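Before any comments, here is the structure.
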Amino acid sequence: MREFSFFMPTKLVFGQDVVKKAGAGLALGKKALIVTGRSSARLSGALDDVLEALSGEYVLFDRVENNPTGENCQEGAELARRENCDYIIAIGGGSPLDAAKVMAVLAVNEKSPLELYAQGWEKKPLPIVAIPTTAGTGSEVTPYAVLTIHEEETKRGLGGPDLFPAVAYLDPRYTASLPLQVTIDTAVDALSHLVEGYLSNRASSASDLAALQGIAVWGGVIPALRSGDISLQVREDLLLASMLGGITIAQTGTTFVHALGYPLTYFHDYPHGRANGIFMASYLEFTHAHAPERVEMVLELLDLPSLNAFRELMNELFADYVGKLHVPEERIRAYAEKAAQTKNVSYSRGTPSVEELTEILKENIL
Ligand code: NAP
Ligand code: FE
């Protein structure tokens, strides 16, 4: 018997100039904390559009780091408290969007970021308007925020149903300023959400609805990713695929690809999507033994004839990075042991053991 639920409360507004069209309707309160990274909100044109549309008060926090830490979020939360902000407008890639979610919680709950993992929070976070400028994380439609935790030497997701943004404005034009390699890195993050969600042992008929459409849309942009010729139409498809990936993992969570990717980001500075991409082919090969029809459906929708063709695609997109990391064997074992403790691994079909994870790591980064 099927048994599932589906919850995605974020209002979506997708299309060209949606921020301008929203006008004063962009505001969810009296005073906004606008949260961005150092330069992308300006570079993408999103910040200008927001400032033009917004008629109410605001204060700007433009210091979100890539792969943000709790301390970085605490800084923004303090500003929100000091300035009496009653909502947040987050503009950027997954880093500013995730940081904004944690700031929204910390602004109204007197806790340290680490306490949020252990104890949760009581007071409802500030409402968030999310405006993505990358097409990858889907954070605008997920209830997750991923933080770098130096105490644990890794990255870890924080989740809660009230972390879904209230509204998301998705304008593909904001992603046009992304350099090609960042476009590829983030696109592969979106693919990993779609595929991991579809292959998760938590997948349901409702999450499949988003995953299957998203994988098919992603399949359509493969020639453009290969050639590097990224038109606005391709940007639109990537942003849609990324949003559908977010809707998928909001229900299913991610699987062991993400758990293996975190040490590559933490210790080797690999951007998140690239860190996932390095393991995707091995993941499909492993999962094929446990859910062959589902893996074959992924290949069919991507219009790739075989698992080998998938590996070739990843090798081509990450030509400068595949086979370049030479991580010592004892570190590989440590990465596998840490990954094995995550929920992501328990959501993976075939629930890989430490030995199996070690093999997959060795195959790709020894
Ligand atoms: P990001 O870390 O937000 O941004 C990467 C780089 O791209 C930054 O240097 C950023 O500049 C720049 N950038 C962003 N938009 C740009 C644009 N339109 N034009 C030019 N440059 C631009 O990258 P991301 O891959 O989107 O997010 C990664 C984070 O999200 C990781 O921490 C990951 O763990 C997390 N994540 C979260 C979820 C979730 O469900 N919440 C899911 C997957 C991943 P600035 O520094 O100036 O902003
Ligand atoms: Fe991700």
How far, in degrees from 0 to 90, does helix 307-317 lean away from the longest principal axis of the Cα atoms of the chain, to the nearest 10?
50
Show me, bin by bin at 10 Å from 0, the whole-percent P(r) of segment 212-366 based on Cα pairs.
10, 38, 38, 12, 1
What part of the accessible area of the chain, given as a whole %, is carbon or sulfur when the probe is 1.4 angstrom?
50
What order do 59, 188 take when sorted by accessible area (1.4 Å probe), most exposed first?
59, 188
Hull volume in cubic angstrom per residue (convex hull over the Cα atoms of segment 65-211)
130
Pop out the Kirkwood hydrodynamic radius of segment 54-133 from its pairwise C-alpha distances, inverse of mean 1/r, in Å to one decimal.
12.6
Please report, largest first and rounded to whole Å, the three semi-axes of the ellipsoid equivalent to segment 206-300, where each semi-axis is the square root of five times an eigenvalue of the C-alpha gyration tensor.
21, 19, 14
Debye log10 I(q)/I(0) for segment 268-346, one point scatterer per Cα, at q = 0.16, 0.19, 0.20, 0.26 Å⁻¹
-0.74, -1.00, -1.07, -1.29
Per residue, what accessible area does the chain have, given a 1.4 Å probe and all protein chains present, in Å²?
40
Measuring from the longest principal axis of the C-alpha atoms of the chain, the long axis of helix 180-199 (C-alpha) lies at a number of degrees, nearest 10, equal to 70
Working with all protein chains in place, sort 335, 347 by solvent-accessible area computed with a 1.4 Å probe, largest first.
347, 335
How large is the dipole of the chain about the Cα centre if only Lys and Arg carry +1 and Asp and Glu carry -1, each at its Cβ, rounded to the nearest 20 debye?
680
Counting only residues 5 or more places away or on other chains, whose amide H sits under 5 Å from the amide H of residue 137 once H atoms are built in the peptide plane?
94
Which residues qualify? For residue 57, with a placed amide H closer than 5 Å and at least 5 residues away or on another chain, they are 32
Which order do 279, 286 take by accessible area at a 1.4 Å probe, largest first?
286, 279
If you count only protein heavy atoms and use a 1.4 Å probe, how large is the accessible surface of residue 345, to the nearest 10 Å²?
0
Would you mind computing, in nm to one decimal, how far apart the modelled labels at residue 209 and residue 59 are, each placed 7 Å from Cα along Cα→Cβ?
4.2
Cα long-axis angle, helix 292-302 against the chain (0 to 90 degrees, to the nearest 10)
60
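With both bridge residues required to lie in segment 10-154, what share of the DSSP beta bridges run antiparallel, to the nearest 5%?
Roughly 5 percent of the DSSP beta bridges within segment 10-154 come out antiparallel.
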Check residue 154: other-chain or 5+ apart residues with amide H under 5 Å from its amide H, H built from backbone geometry?
149
What are the extents of the Cα atoms of segment 135-211 along their three principal axes, listed from largest to smallest and rounded to whole Å?
39, 34, 27
Using θ = phi - 60° and the Karplus form 6.51 cos²θ - 1.76 cosθ + 1.60, what ³J(HN,Hα) does each residue of segment 346-361 get, whole Hz, x for Gly and Pro?
5, 7, 7, 4, x, 4, x, 7, 4, 5, 5, 5, 4, 4, 5, 4
Summarise the long-distance tail of P(r) for the chain by giving the % of C-alpha pairs beyond 32 Å.
27
List the pairs from 111/343; 21/124; 111/338; 124/343; 101/123; 101/155 whose alpha-carbon separation is above 18 Å, in the order I gave them.
111/343; 21/124; 111/338; 124/343
Show me, for segment 83-91, the HN-Hα J-couplings you get by feeding each phi into the Karplus relation (A = 6.51, B = -1.76, C = 1.60, θ = phi - 60°), rounded to Hz, glycine and proline as x.
9, 6, 6, 10, 7, 10, 10, 9, 10
Under the Karplus curve 6.51 cos²θ - 1.76 cosθ + 1.60, θ = phi - 60°, whole-Hz ³J(HN,Hα) for segment 332-338, x wherever Gly or Pro sits:
4, 4, 5, 4, 5, 5, 5
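The values are calculated or read from the model by the stated rules, or taken from the named source; none is laboratory data. These figures come from a predicted structure and were not determined experimentally. A quick note on method: Cβ atoms are made from the backbone with ideal geometry, for glycine too, and the neighbour counts reach across all protein chains shown. Areas reflect the complete protein model, heavy atoms only, side chains present, ligands, DNA and RNA absent. Shrake-Rupley method; radii C 1.70, N 1.55, O 1.52, S 1.80 Å.
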